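Below is one structure, written out as structure tokens; comments come after it.
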């Protein structure tokens, strides 16, 4: 009786409710994708052979895990934060030895029985904990560059390992920790620079090189004209503007094409170009040229996946085509629809209204988490909660944008909805640790 | 705690970032789902498979209700390569189809290339009955194979190929010209004969079924529960005036002959029989037989696919004479008792026009002149018509005469309800102006009076002319179709043109009676007195036209019974002789069949005699022989080529031994080279084959995952 009271006390039921709703929607979506009119769905749900029944089993495991976390002591997480981070890094390094190649990325450790573990997925929890631990150190002054660099290293080291495992998508997720750091005092200009760089890259992809160069030059001249009085006082501003202009043109002229032709693989460049609606010429790509020289044919990439996914979502219209009536889903036109492209089945079946409702549930979850974060007394809990919110945002943003053609295709699951035990378990742990910490919000944790 | 609320204002910025991200997503969703209708279309193009359900084509019946053509189901042997990978008893299959395993693999490869592994493709089209039975029996041994039905036209009487027409695949041009009529590439449509002109009636209404298909184009089930499907409506049948007995008899009589015959019911204009010879069994062009026969039919110099009955242009010869008499009578240049003193030829124009009769008095009046077909008499009255002082000049007189001819239906298209009709030729004055300058007289064209010169008519027009005489001045446009099953407004208006009585000729009944009397005399005492229709008196006119390099063209027009005509007929036999010898018996037997529905024993014997007679010109046999020898030459050439590898290697071997034996005599250059090249080429082909087959297999395995 006492145990139960303790378990229930202080838990934020709104988050729990939203969590359950999302997992349920996820199972429903997977059911829509897998649905086969010839098979009795009731028995298929129990059989454990179809992916929706597997997801149901995963959900059960996750429920046990959630109860287990809620029963645990919140001091445990502060105590073991650094240790688990180390463990996570070791786990990621071990994939180089034990790793198994799934869908082209060698980031999975086989656990036997057909289950595979993706350490990079789990490592998000550990990184969040470690970052929270680091930022909550009493003697830390986060305005110093050195501590900013250490925090960035904690966040980006797993991302680096992830890239070496050819899992670019997950690496992108680790960028979300900058949002957390921003909350904790990272200068806003860094985000601004990052954002401007992103705009510049997209502009480079969309526009003719010369047009863009002219536009940049015009902006530079206009700035000089506007700031002419200040420039008269200080020559350094002029130097800064000229330097920025040169950097921008340099990026646009040399850096971006270099990255696309020499660093990225052909299929990656194609996906990025497809995002802005342009075709990429693979004959310029170094890796494909190499393959040609080695007399291997390289598969010509195609934006089939995004095209079909856009058709599926676009055909939904305002109210959707109805439950189990989506032709794109029934005809299995969208590859990977139960995992990364699960949003398409929803968009097709329930249309704009359904997608809107679905996204609002997510937004509500995010707002609730931010609210939770802001009511924490301890920095550790707050940072951790922000980490959870940012990770969720990053996943939702990239995954949904990918399905609607606003972001290149990278393998990132939709939190709590996509099929996959690894992903579901990670987010469950992530969220319930936060709930556990929140339940003890009156304590000051270090 | 100082650090606790540090930077708290930034939480708002972070919430702002969240909202911006979601707003961008919403905006794109709005764009995709509400403002881009193309995605819905693309989804439907992806997933909805439109299957056209073909209704049975309408059937064509003869006047007694026999089906002249009918539909049967033929079978294609199809294969779905993806399902035919395991457990196919290839050896048995190859044995039944008479192919080897290389051919089997080649066909499988073709099927995969054409239609992918997941969709059925034709493996062996249009099975013969024996093949169908064998395959059906053994089908359980061939998983992935199936027998696909396909309706095909069949012709139980084996006649009427030329006017029934045939079906053919629609061409790109046809699809462009008929955009909204529901045709798809690969559909069949009538391309000749009645199949073409009554296409809309016969084709029925196509049904459309919509199916859901998946990303590999496999059918998943009906779309939206079949709510958008339309059912197929069977084609409507045609009831024609054809008498299949007369038609069959006519085609039998025309065996081994070139020519045409058309029989029309003068009371309705309905065509009773239309024979064009040489012809072919329409079943020969059924899809399963098509490839075997089309080459010969299309290329043979006797042109079996050419409908001579409506497109053959023949000089009518003496069968024109009754018309000439009618024109002369109507113009008043002669009266029935007008006579001409013929002494065996017509000399008035300098050139001698021979007449078959030379005894005095054989052209003492019109009746006699027609009965004995006096050339001089009709040359004379033709000249009198043209030179009629009423018109002032022969040109005007000629134009007036030509006008009469048009009213008789000559020199114009009659408008029969099958395509390909030609108008014949009644020369314009322009033609004569061109040839003779502007100074020509009736003598320049005097043989026109006996149906020669440049006058050409089609057998259909001749038969129609006979109708006009039989009807005393009016006719209905000749046509096949009497009525259409479940007639619709469009059909009625189409058939209305065959219900219009054409009576432009204002020739008096007395004039007609005078000519009719002459034509009756032809069968009593005149040129056709030896040919009888048992039980009926009939009126007729024989004709014999000279043709360069060939024997005479035999022509015969007739109608029967003489008092109340129900059949009018025109018969043309090329390279035959006198009209009374060849054309008249054919016409008489056909009329007998129509009127009595049976033939007497004598007639049957005569039918056998006529059907055995071979009147095909020698030239055609020569041509065929040349073709055959050319083909044989080609086959020999191919055989030689295929043997050449073996021969050449043998030769090289012999040369080698000779060289060895003689101690280094130079062998003939080139021979070893070719062997080398050929064997290399063969090796390449073999290599390519072995490489291609497993390669495509593995790639499909990958795709299946």
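Name the one entry in A:309, A:345, A:315, A:355 that is in contact with a helix residue (DSSP H, G or I) (Cβ under 9 Å, 6 or more places away or on another chain), facing chain B (nearest Cβ under 8 Å) and within 23 Å of residue A:55 (Cβ to Cβ).
Checking each option against the conditions leaves just A:355.
In segment A:180-288, counting only helices (runs of 4 or more DSSP H) that sit wholly within it, the ones holding 2 or more residues that are away from chain B (no Cβ under 14 Å) and either in contact with a strand residue (DSSP E or B) (Cβ under 8 Å, 6 or more places away or on another chain) or surrounded by fewer than 17 Cβ atoms within 10 Å (Cβ to Cβ) (or both) span A:188-206, A:209-226, A:228-233, A:235-250. For segment B:206-228: of the residues being out of contact with any helix residue (DSSP H, G or I) (no Cβ under 8 Å at 6 or more places or on another chain) and part of a strand (DSSP E or B), which is farthest from the other protein chains (Cβ to nearest Cβ)? It comes out as B:207. The number of residues in segment B:43-58 being assigned to a strand (DSSP E or B) and more than 14 Å from chain A (Cβ to nearest Cβ) comes to 3. For segment B:563-584, the set of residues classified as out of contact with any helix residue (DSSP H, G or I) (no Cβ under 6 Å at 6 or more places or on another chain) and in contact (Cβ under 8 Å) with a residue 24 or more places away in the chain consists of B:563, B:566, B:574, B:575, B:577, B:578, B:579, B:580, B:581, B:582, B:583, B:584, listed by residue number. Reported count of residues in segment B:472-494, each being within 24 Å of the chain's Cα centre (by Cα) and in a helix (DSSP H, G or I), is 2. The helices (runs of 4 or more DSSP H) located wholly in segment B:335-414 that include 2 or more residues which are farther than 29 Å from residue B:459 by Cβ occupy B:394-407.
So is residue B:14 facing chain A (nearest Cβ under 8 Å), assigned to a helix (DSSP H, G or I) and either touching a residue at least 40 places away in the same chain (Cβ under 8 Å) or on the phi < 0 side of the Ramachandran plot (or both) or not? Answer is yes for this residue. If you check A:393, A:406 for being touching a residue at least 60 places away in the same chain (Cβ under 8 Å), at the interface with chain B (Cβ under 10 Å from one of its Cβ atoms) and either surrounded by 24 or more Cβ atoms within 10 Å (Cβ to Cβ) or not in a loop (DSSP other than H, G, I, E, B) (or both), only one passes: A:393.
From the list B:305, B:274, the one residue that fits, being surrounded by 22 or more Cβ atoms within 10 Å (Cβ to Cβ), touching a helix residue (DSSP H, G or I) at 6+ places or on another chain (Cβ under 8 Å), at pLDDT 85 or above and not in a helix (DSSP H, G or I), is B:274.
Does residue B:7 satisfy the criteria of being facing another protein chain (nearest Cβ under 10 Å) and outside any helix (DSSP H, G or I)? Yes; evaluated as a whole, the condition is true for this residue. Of all the residues in segment B:439-451, those that are surrounded by fewer than 22 Cβ atoms within 10 Å (Cβ to Cβ), in a loop (DSSP other than H, G, I, E, B) and touching a helix residue (DSSP H, G or I) at 6+ places or on another chain (Cβ under 8 Å) number 2.
Quick check on my filter: what residues within segment A:371-381 are surrounded by fewer than 23 Cβ atoms within 10 Å (Cβ to Cβ) and at the interface with chain B (Cβ under 10 Å from one of its Cβ atoms)? Within segment A:371-381, A:371, A:374, A:377, A:378 qualify.
Select from segment A:319-342 the residues that are assigned to a helix (DSSP H, G or I) and at the interface with another protein chain (Cβ under 8 Å from one of its Cβ atoms) and write down the one among them that is nearest to residue A:32 (Cα to Cα).
Step one: filter segment A:319-342 for residues assigned to a helix (DSSP H, G or I), giving A:327-330, A:342.
Adding the requirement that they be at the interface with another protein chain (Cβ under 8 Å from one of its Cβ atoms) leaves A:327-328, A:330.
Working: A:327: 11, A:328: 11, A:330: 8 Å.
Ranking the candidates gives A:330 first.
Inside segment A:374-386, can you point out the residues that are over 19 Å from the mean Cα position of the chain (by Cα) and either within 19 Å of residue A:22 (Cβ to Cβ) or not in a helix (DSSP H, G or I) (or both)? The answer is A:375, A:376, A:377, A:378.
Considering only segment A:413-420, I want to know if a residue exists there that is within 9 Å of chain B (Cβ to nearest Cβ) and in contact (Cβ under 8 Å) with a residue 60 or more places away in the chain.
No; the residues of segment A:413-420 include none that is within 9 Å of chain B (Cβ to nearest Cβ) and in contact (Cβ under 8 Å) with a residue 60 or more places away in the chain.
Counting only strands (runs of 3 or more DSSP E) wholly contained in segment B:127-205, the ones carrying 3 or more residues that are in contact with a strand residue (DSSP E or B) (Cβ under 9 Å, 6 or more places away or on another chain) and either modelled with pLDDT of 90 or more or surrounded by fewer than 18 Cβ atoms within 10 Å (Cβ to Cβ) (or both) occupy B:145-154.
For every residue, the table says whether it meets (1) closer than 18 Å to residue B:141 by Cβ; (2) surrounded by 19 or more Cβ atoms within 10 Å (Cβ to Cβ); (3) within 36 Å of the chain's Cα centre (by Cα); (4) at pLDDT 85 or above.
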{"site": "B:64", "(1), (2), (3), (4)": "no, no, yes, yes"}
{"site": "B:69", "(1), (2), (3), (4)": "no, yes, yes, yes"}
{"site": "B:73", "(1), (2), (3), (4)": "no, no, yes, no"}
{"site": "B:80", "(1), (2), (3), (4)": "yes, yes, yes, no"}
{"site": "B:86", "(1), (2), (3), (4)": "yes, no, no, no"}
{"site": "B:89", "(1), (2), (3), (4)": "yes, no, no, no"}
{"site": "B:97", "(1), (2), (3), (4)": "yes, no, yes, yes"}
{"site": "B:101", "(1), (2), (3), (4)": "yes, no, no, yes"}
{"site": "B:108", "(1), (2), (3), (4)": "yes, yes, yes, yes"}
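The values are calculated or read from the model by the stated rules, or taken from the named source; none is laboratory data. Everything quoted here is computed from the prediction, not taken from an experiment. Quick reminder, even Gly has a Cβ in these numbers, built from the backbone with ideal geometry, and neighbours come from all protein chains shown.
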